[in-house]
1. Considering only residues of segment 97-114 that are of a type in the set (D, E, K, R) and loosely packed, with under 14 Cβ neighbours inside 10 Å, which is modelled with the highest pLDDT?
2. Using the structure shown, decide if Val127 is crowded, with 17+ Cβ neighbours inside 10 Å, modelled with pLDDT under 90 and not small (Gly, Ala, Ser).
3. Mind listing just one residue for me: the one in segment 43-56 that is surrounded by fewer than 13 Cβ atoms within 10 Å (Cβ to Cβ) and modelled with pLDDT of 90 or more and, of those, farthest from Ile132 (Cα to Cα)?
4. Being part of a helix (DSSP H, G or I), at negative phi and not polar (S, T, N, Q) is the filter here, so list the residues in segment 97-131 that pass it.
5. Quickly run through segment 159-190 and pick out the residues that are in a loop (DSSP other than H, G, I, E, B) and either surrounded by 15 or more Cβ atoms within 10 Å (Cβ to Cβ) or touching a residue at least 60 places away in the same chain (Cβ under 8 Å) (or both).
6. Out of Ile126, Ile114, Ile132, which single residue is hydrophobic (A, V, I, L, M, F, W, C) and either more than 21 Å from Ser24 (Cα to Cα) or touching a residue at least 60 places away in the same chain (Cβ under 8 Å) (or both)?
7. Name the residue, out of Ala77, Ala4, Ala36, that is under 26 Å from Ile132 (Cα atoms) and small (Gly, Ala, Ser).
8. Kindly indicate whether any position in segment 88-96 is under 19 Å from the mean Cα position of the chain (by Cα), at negative phi and surrounded by 16 or more Cβ atoms within 10 Å (Cβ to Cβ).
Amino acid sequence: MPRAPEIKSGQVIEIDSNQYVVKSITVSNPSARGAATLYKMVINEIKTGRKKDVSFKGDEMIALADYRNCHLSYLFAEGDMHTFMDAEDYSQHTLSEEELGDQLPWLNEGLEGIMGMMVNDVMVAIVLPQSIDKKIIETSPGIKGASASARTKPATLEGGVVVQVPEYIENGELIKVNTETQKFMSRAKS
C-alpha cells in the first residue's frame, strides 16, 4: 500500500470498501513545529459520482483499488458526453464533461496515447499523454530577431488553454506542451 505522498491524480483508491477516483491533490505544509504535512484530496466516488474532500497525513497508508489500464484514443463529443475507443478491442467508453474536469481543453478528435482506468469494466478516468501538440489560436505578433531568451508572451491554444511561449512564436504555429505543468516545450514537428 502506498503512502499519501505517493498517490497521484487520476489513481483509484479504496476507502471503506468504496472506490474513489483522485481528481486533485493539494499539499499543505503547516508552519508549526512537529506538524505533519497534509495531503488534501478531492475524490469522486465511482458508483455515485459524488465529490468528497479528504485529508491524509504524509505517513498514512492508502489502499489502491483493483483496476486496469487500457490504451485509448479520443473519438468525439456529443452534448456533454465524450467518447473514447479502446485500442485493443475497439470498444467505446464515455465520460461526461464533469468527470473530465480540467482535462477537457486538452482533448481533440483523434488524440491518441490516452490511458483509461477501468474499474469493474467501467471507465472511470483518463490520464492524458505527458505532452500534446496544439495549434496556437491567438498570440501577439512574433518579434523579428527575438532570441530564445527567457522572455515570453501568453498564447491561447485550441481548446482555450493559455500558456507562456517564447517571443518568436507566431499565430497558427503547432507547439508541444506539457499537459501536467502546462508549459511550452518546443515547436512541434508537422
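1. Filtering first and then ranking leaves Glu112.
2. Yes, satisfied.
3. The extreme case among them is Ser55.
4. Glu97, Glu98, Glu99, Leu100, Asp102, Leu104, Pro105, Trp106
5. Across segment 159-190, the qualifying residues are Val161, Glu167, Tyr168, Ile169, Glu173, Thr179, Gln182, Ala188.
6. One residue alone meets the criteria, Ile126.
7. Just a single option satisfies the conditions, and that option is Ala77.
8. Yes.
The values are calculated or read from the model by the stated rules, or taken from the named source; none is laboratory data. Everything quoted here is computed from the prediction, not taken from an experiment. Backbone-built Cβ (ideal geometry, glycine too); neighbour counts: all protein chains shown.
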